[in-house]
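**Q** If you scroll down you'll find the structure; I have some questions about it.
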Amino acid sequence: MKSKTNLVLSVKPFCRGFAFALFEAPQSPTDWGVRDIRGKAKNALTLLGIKQIITQYQPDVLLLPAPEGRSERIRKLVRDIAALAIKQGIPAHTVTRADIRAAFATDLPGGGTAGRAFFKPTRYQIAQAIANRFAFFAAQLPPPRRFYDSEDARMSLFDAVSAAVSHYAGQKAGGGK
């Protein structure tokens, strides 16, 4: 059943699956998770998982990471997810790292308006800001990554949340993404 609120679904595909965050308002995430996808048909299985989420929630907007700097497989997957959304009648928007950094510039030390042009918080600093803003994500925050560790899959959850926060920040600023 379609909600009367404006549902925003943010999806972050990554090498081992995908993460998603569903928001009904800027301070109201309603569902989120990380799905591990294994096997040879990763893109097909990821698309199927995302299609199930779209069918279940019928979001009004789908947010995806900008494909620049990603592997060819992930770039193709992002294009396929966008095509799936459009086929379902859902506008798909990409969110860049610059959009996310701008949305969190005032939440982090050194990111005030004066230093915004040069301020480049790390993904982990943004994840910490999300954990501070939304207490229920604090338990999901992995420990800081050491140079010899592979990335924790939960960081993709924080990427999906940060894209949704960025989307709402853009709307507030009149960007109307």
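The values are calculated or read from the model by the stated rules, or taken from the named source; none is laboratory data. Predicted model, so just to flag it, every value in this text is computed and none were measured. Note that each Cβ is placed from the backbone with ideal geometry, even for glycine, and that neighbours are counted across all protein chains shown.
**Q** State which residue pairs qualify: first residue within 14 Å of Pro67 (Cα to Cα) and inside segment 92-116, second residue modelled with pLDDT under 60 and among the basic types (Lys, Arg) in any location, beta carbons under 6 Å apart, and separation of 6 or more residues or different chains.
**A** His93/Lys177
**Q** Any residue at all in segment 161-168 that's in contact with a strand residue (DSSP E or B) (Cβ under 9 Å, 6 or more places away or on another chain), modelled with pLDDT of 85 or more and of a type in the set (S, T, N, Q)?
**A** Here is the first cut: in segment 161-168, the residues in contact with a strand residue (DSSP E or B) (Cβ under 9 Å, 6 or more places away or on another chain) are 161-168.
If we keep only those that are modelled with pLDDT of 85 or more as well, we get 161-168.
Filter once more, keeping what is of a type in the set (S, T, N, Q): 162, 166.
Scanning segment 161-168, I find at least one residue that is in contact with a strand residue (DSSP E or B) (Cβ under 9 Å, 6 or more places away or on another chain), modelled with pLDDT of 85 or more and of a type in the set (S, T, N, Q), so the answer is yes.
**Q** Let me ask something additional. Within segment 35-53, can one find any residue that is exposed (fewer than 15 other Cβ atoms within 10 Å of the Cβ), touching a Leu at 6+ places or on another chain (Cβ under 7 Å) and closer than 22 Å to Ile130 by Cα?
**A** no
**Q** Here are Arg70, Arg101: which of them is surrounded by 15 or more Cβ atoms within 10 Å (Cβ to Cβ), modelled with pLDDT under 95, closer than 23 Å to Gly170 by Cα and not hydroxyl-bearing (Ser, Thr, Tyr)? Please lay out each step first, then the result.
**A** Values: Arg70 fails: closer than 23 Å to Gly170 by Cα.
After ruling out the rest, the residue left standing is Arg101.
**Q** OK, next. Does segment 81-93 hold any residues that are outside any loop (DSSP other than H, G, I, E, B) and surrounded by 16 or more Cβ atoms within 10 Å (Cβ to Cβ), and which are they?
**A** Result: Ile81, Ala82, Leu84, Ala85, Ala92, His93.
**Q** Same structure again: Within segment 7-21, identify whether any single residue is at pLDDT 95 or above, in contact with a strand residue (DSSP E or B) (Cβ under 7 Å, 6 or more places away or on another chain) and charged (D, E, K, R), and answer yes or no.
**A** Within segment 7-21, one or more residues are at pLDDT 95 or above, in contact with a strand residue (DSSP E or B) (Cβ under 7 Å, 6 or more places away or on another chain) and charged (D, E, K, R).
**Q** Moving on to the next point. In this structure, does Lys42 turn out to be closer than 20 Å to Ala66 by Cα and without any contact (Cβ under 8 Å) to a residue 40 or more places away in the chain?
**A** yes
**Q** Also, quick follow-up: Is there a residue being at pLDDT 95 or above, under 16 Å from Phe158 (Cβ atoms) and among the aromatic types (Phe, Trp, Tyr) anywhere in segment 23-46?
**A** Yes, segment 23-46 has at least one match.
**Q** Can you tell me which of Glu72, Glu24 is of a type in the set (D, E, K, R) and either in contact with a Leu (Cβ under 7 Å, 6 or more places away or on another chain) or closer than 17 Å to Ser162 by Cβ (or both)?
**A** It is Glu24.
**Q** Just for segment 124-150: of the residues that are modelled with pLDDT under 90 and hydroxyl-bearing (Ser, Thr, Tyr), which one is surrounded by the fewest Cβ atoms within 10 Å (Cβ to Cβ)?
**A** So, considering only residues that are modelled with pLDDT under 90 and hydroxyl-bearing (Ser, Thr, Tyr), the one surrounded by the fewest Cβ atoms within 10 Å (Cβ to Cβ) is Tyr148.
**Q** Please name all residue pairs, on different chains or six or more residues apart, with Cβ atoms under 6 Å, provided the first residue is in segment 135-164 and is in a helix (DSSP H, G or I) and the second residue is surrounded by fewer than 18 Cβ atoms within 10 Å (Cβ to Cβ) and among the basic types (Lys, Arg).
**A** Correct list of pairs: Gln140/Arg154.
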